[in-house]
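The values are calculated or read from the model by the stated rules, or taken from the named source; none is laboratory data. Worth saying up front: this structure is predicted, and the values here are computed from it rather than measured. Cβ atoms come from the backbone with ideal geometry, glycine included; neighbour counts cover every protein chain shown.
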Amino acid sequence: MSNAPLATGAPRELVGPLATPAAGSDFAARLRANSEYVVIPLLALLIATALFGIFLLAIGKSPVDFIAYVWRGGFGTAFSLQNTLQRSAPLILTALAVAIPARIGLIMIGGEGALVLGGFASAVVAIPMLGHVPPMPTLILMAIVGMLVGGFWVGIAGFLRYARGVNETISSLLLTYIGIAIMNFFVEGALRDLSDPNKPSTKPLGKAYMVGTIPGTEVHWGIVFGAALCVGLYILMTRTTFGFAARVTGGNFRAALAQGLPVGRLIVACSAIAGACAGLAGFFEVAAIQGRANASLAAGYGFTGILVSFLARHNPLAIPPVAILFGGLVASGGLIQRRMGLPDATVLVLQGLIFVVLLTSETLYGRFSIFKPSGERDRA
Amino acid sequence: MTASELTRRNLLKSAALGAAAATLDLGAISRALAAKDLTVGVVYVGARDDFGWNQAHAVAIKSLKGVPGVKVVEEENVPETDAVSKSMESMINLDGAGLILATSFGYYKPFVLDLARKYPDVEFRHAAPLWNKATDPKNAGSYFGYLNQAHYVDGVAAGLCTKTNKIGFVAAKPIASVLSNINSVLLGARSVNPKATVRVIFTGDWSMPVREAESANALVDAGCDVITCHVDGPKVVIETAEKRGVMSCGHNASQAPLAPKGFITGAEYKWITIYKGYADDLAEGKPLPNFLAGGYEADYVQNTPFGAAATEPAKKAALAAIAGLKAKKPIYVGPLKDNKTGKVVIDKTYDNLDPYLDKMDYLLEGVIGSTT
Amino acid sequence: MNEPAILTVLIAMLGGAIRVSTPFMFVSLGECLTEKSGRVNLGLEGTLVLGAMVAYAASYHTGNPWLGVLAAGIAGSALGAMHGSICGLPRVNDVAVGIAMMLFGVGVAFFFGKPYIQPEAPRLASIPLGFWSGSASLKSALQVNPLFFIGIALAIVMAWALRNTRSGLVVRTVGDSAAAARAMGISVNLVRLMTTTVGGFAAGVGGAFLSLSYPGSWNQGLSSGQGLMAVALVIFARWDPLRCIAAALLFGAAGAIGPSLQAIGVTQGYYFFNAAPYILTLGIMIATSSAKHSARDMPGELSIAK
């Protein structure tokens, strides 16, 4: 197995920038050390793209065309850019659902289930309020309920890990499948709205009760909340006692126990925060896009979010740009299908390749002396 | 058409004639379109070669591609989320599509509707009977084939072929069109064999090969000797039935090659009728009809040519049923009760296209199975 | 048929146990070996799907389904080797790489598998073990594929080898304490690379079963997380190959409950019956784990243990 701790990135922060001595060239040294975190991922991205380009050439397609279409379909026009932003919004939130537990040393992949149940719960709680309570308080309540339900669901996995040692990766995945079954059961049965017999859903919210778009654009507010949550959770994890305690636990579980940290509560709290983020994503899917809860909620955002979080090295501040990159890739998928005649699985292959190469590049950290501050370089 | 005419050879001959006739039309269309090229954007929810729902559309679209002056852009595996909005918009903005064909139920509300309001010059047509004259924009519209009529014919044939009087149905989700197919199989079977019953198993999703295979096996274990289905890709169900040595009826597209011994007939869409109609209208500059729905009487559905397991009486009865449906003979003739509470759900005779039937959320008495 | 309903369900569960368990068996045995050496390979889901596709394609092109099985195994070992070599590099997290390989494997499988959805490939023949029975459903339930027996044989061989051979000791040492293994002069990375590759081969064969035997078809919805379930199976089988078989059988039987209950008329709540395998796995995992005891049988070097 690897000799690295469970969640890469967790302990580094502890010995990183905070620990350098104050000196004249301090800023330059820090810049040098931190640039490693940007250069190596970019290098990995370039290598992955090159490998994919070779793959394309082997099947007779042009890599240049591919890049051009990714640009055009994902970022090149106002329409494409908004398309990308719209698709990135749920990815930001589901990525947070992986990043936060990663900081405490858990690998949880239950975002999809929390998204589905959170979205479902918010749609259900709205039913008695439609037409009686004004939209804004309704939406706020819906968001809160979505987050509570999502948080509870992933919290179960965290609790099981602490109390019974059940592996959280697998339990969170199992809970995802169970959560989707629960949603389907109710949406097709007791809570089914009968006005649309061909697509089992809960009662539609109606335009008045839906989250609108940011004025001047066609992107809904979800992305703003997602980005804000990234900043907020970054501050929580790096600048508060809670965050510090969580990272210590993630770095060395036994030491944290020895220190008397409330490890159980920390684990459950981080899991719950993760689930709440995914639940919020579900709320936005219902309130900003679909207008009701149905099987389309399980669209795979949770799983793509896992990728985004790993690529952002579980750093909440890095999640928005990575999510946008991914959103752009997915957004351009349609254009690539139509213009290059490639199947939709192409984007999956590229995503997988990027992921694999980026994870392999983890091994390059600390190997290049160019990133080390001058004193260390001489020693090393 | 009489029984002797519907043999494969004759079918091929009439197809050839039809193709010839179509080429004559093509000539006219191409001249008309020379002035204005039309790009048609098609969105599929699954893979085009799934031996089922999407393939039925893709095969019909293929013939559109042959029309000079018509360019077709297709996108597959587009989920029923805002991804389809973006795909359609991309086709409009980047490919210049003038007609969008959205081929999955969940695309309509709100995606097709919102986009139709945003792009009033583009025509949107959706494959489900959802267009509402009062509330929906004029450039949107629906088209649908009432496949349950073809399933009724399946039921008629199955009712005379079955020896155990148990017909098995593997269904995906309990939505109105699926339930109508199940009920129509029952009614068709009972019209020739009053002892026939239908046993249904719901898999819970449109495409779950392992569960579909398990369900088919379970139905055969429970005594069914004819298996049919409503799932996106019937390939697994038909193959499993054939492996077990029972008979089968197909769905969506022709699965006859998969069951050389056990195939009876199948319920297929004939989307080409509608798509060619749209192409013709566009070529002549006529406005596209907003709501096209029909069954046999409009030539929107068809039955797969009979397979090896279809007996002579079954074939005769099936053809008679087809003739009746073409003459608009109703399937749902009340009073009929549901199988859960015994309450009367079909009180009188309903015309085959009556909107009351689109709201079906029950299984008729005679069907063993539950919707939740 | 003319049997009482409960018997129908039991027979269906027997059939399901045999049919549905086979891919689980192979994947969990492969993962068992990998984890015994101290590495986790979550990418077996991707290997399963790729194996299914390669098997179907190879069988179609060569006309021989067993060549398809072999090709699937080779494809699986390629992915396993890829996983193994990447994880051998320092600082690389094997759980994350597994998730990445899952995506990559599935993507490649779907990409190259498109042209094979339509054509009919020769399938693996089953042995009709139920020939003595008068009941058609029992006969069908006892249609056993040779791979089922190969899987059981593999488990027995693996259990014996891990306990009694030098290679088995090497694998176990590497898995329990890398430091001790290095002290013995064993190359930890090489051993893990080999076990991951062999694990990949087994998972590929499991995939071949899916497309060439049951359900016996190739398309994009073939696996619904079965590879990941198999990894879960290894944990609650406590890393014992023979218990992996039992767990796989249990899982297969659980998967058959939903449809067979509906067939006999117990039709309410089918979503939950369909989710039965997942609920069962979770339940058993909770019951058999505990904060103190989970470490007892677990190879000490496994990242998920720490």
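Taking C:Ala109, is it outside any loop (DSSP other than H, G, I, E, B), touching a residue at least 60 places away in the same chain (Cβ under 8 Å) and within 14 Å of chain A (Cβ to nearest Cβ)?
Yes: the conditions hold for C:Ala109.
Sort out which residues of region C:239-270 are surrounded by 22 or more Cβ atoms within 10 Å (Cβ to Cβ), assigned to a helix (DSSP H, G or I) and facing another protein chain (nearest Cβ under 8 Å), and write them in order of number.
C:Gly255, C:Ala256, C:Gly258, C:Pro259, C:Ser260, C:Gln262, C:Ala263, C:Tyr270
Can you find, within region B:129-159, the residue that is surrounded by the fewest Cβ atoms within 10 Å (Cβ to Cβ) among those that are part of a loop (DSSP other than H, G, I, E, B) and in contact with a Ser or Thr (Cβ under 6 Å, 6 or more places away or on another chain)?
B:Pro129
Cβ contacts < 8 Å: first residue at pLDDT 85 or above, restricted to region A:51-76; second residue surrounded by fewer than 15 Cβ atoms within 10 Å (Cβ to Cβ) and not in a helix (DSSP H, G or I), any location; separation 6+ or different chain. Result?
A:Leu56/A:Ser62
From the list B:Ser248, B:Ser254, B:Ser207, pick out the single residue that is within 11 Å of another protein chain (Cβ to nearest Cβ) and either of a type in the set (S, T, N, Q) or surrounded by 24 or more Cβ atoms within 10 Å (Cβ to Cβ) (or both).
Working: B:Ser248 fails: within 11 Å of another protein chain (Cβ to nearest Cβ); B:Ser254 fails: within 11 Å of another protein chain (Cβ to nearest Cβ).
The match here is B:Ser207.
Is it the case, given these coordinates, that C:Leu79 is assigned to a helix (DSSP H, G or I), under 26 Å from C:Ser167 (Cα atoms) and away from chain A (no Cβ under 14 Å)?
Here the answer is no, as C:Leu79 does not meet what is asked.
Across region A:332-365, which residue is farthest from B:Asn77 (Cα to Cα) among those that are hydroxyl-bearing (Ser, Thr, Tyr) and at the interface with chain C (Cβ under 8 Å from one of its Cβ atoms)?
Only one residue tops the list, namely A:Tyr365.
Can you tell me which residue among A:Ala97, A:Ala68 is surrounded by 24 or more Cβ atoms within 10 Å (Cβ to Cβ) and not in a loop (DSSP other than H, G, I, E, B)?
A:Ala97
Starting from region B:171-190, take each residue that is at the interface with another protein chain (Cβ under 10 Å from one of its Cβ atoms) and at pLDDT below 90 and list its partners that are surrounded by fewer than 24 Cβ atoms within 10 Å (Cβ to Cβ) and not in a loop (DSSP other than H, G, I, E, B), counting only C-beta distances under 7 angstrom and pairs at least six apart or across chains.
B:Lys173/A:Glu188; B:Pro174/A:Glu188; B:Ala176/B:Asp358; B:Ala176/B:Lys359
Tell me, which helices (runs of 4 or more DSSP H) lie completely within region A:238-354 with 3 or more residues that are closer than 29 Å to A:Ala126 by Cα, at pLDDT 90 or above and in contact with a Lys or Arg (Cβ under 8 Å, 6 or more places away or on another chain)? Reasoning before the result, please.
Numbers: elements: A:241-251, A:253-258, A:263-284, A:301-311, A:319-340.
It comes to none.
Kindly list, by first and then second residue, each pair from a residue in region B:360-372 that is more than 16 Å from B:Gly159 (Cβ to Cβ) and more than 10 Å from chain C (Cβ to nearest Cβ) to a residue that is surrounded by 21 or more Cβ atoms within 10 Å (Cβ to Cβ) and among the hydroxyl-bearing types (Ser, Thr, Tyr), limited to pairs with Cβ atoms under 8 Å and residues at least 6 apart or on different chains.
So the pair list comes out as B:Met360/B:Ser180; B:Asp361/B:Thr371; B:Tyr362/B:Thr371.
Mind counting the residues in region A:146-164 that are surrounded by 20 or more Cβ atoms within 10 Å (Cβ to Cβ) and either touching a Ser or Thr at 6+ places or on another chain (Cβ under 6 Å) or within 10 Å of chain B (Cβ to nearest Cβ) (or both)?
6
Does B:Val226 satisfy being touching a helix residue (DSSP H, G or I) at 6+ places or on another chain (Cβ under 8 Å), more than 7 Å from chain C (Cβ to nearest Cβ), in contact (Cβ under 8 Å) with a residue 24 or more places away in the chain and closer than 11 Å to B:Gly168 by Cα? Outline the logic, then answer.
Values: touching a helix residue (DSSP H, G or I) at 6+ places or on another chain (Cβ under 8 Å): yes; more than 7 Å from chain C (Cβ to nearest Cβ): yes; in contact (Cβ under 8 Å) with a residue 24 or more places away in the chain: yes; closer than 11 Å to B:Gly168 by Cα: yes.
Yes; evaluated as a whole, the condition is true for this residue.
Given A:Gly131, A:Gly110, which one is crowded, with 22+ Cβ neighbours inside 10 Å and of a type outside the set (Ser, Thr, Tyr)?
A:Gly110
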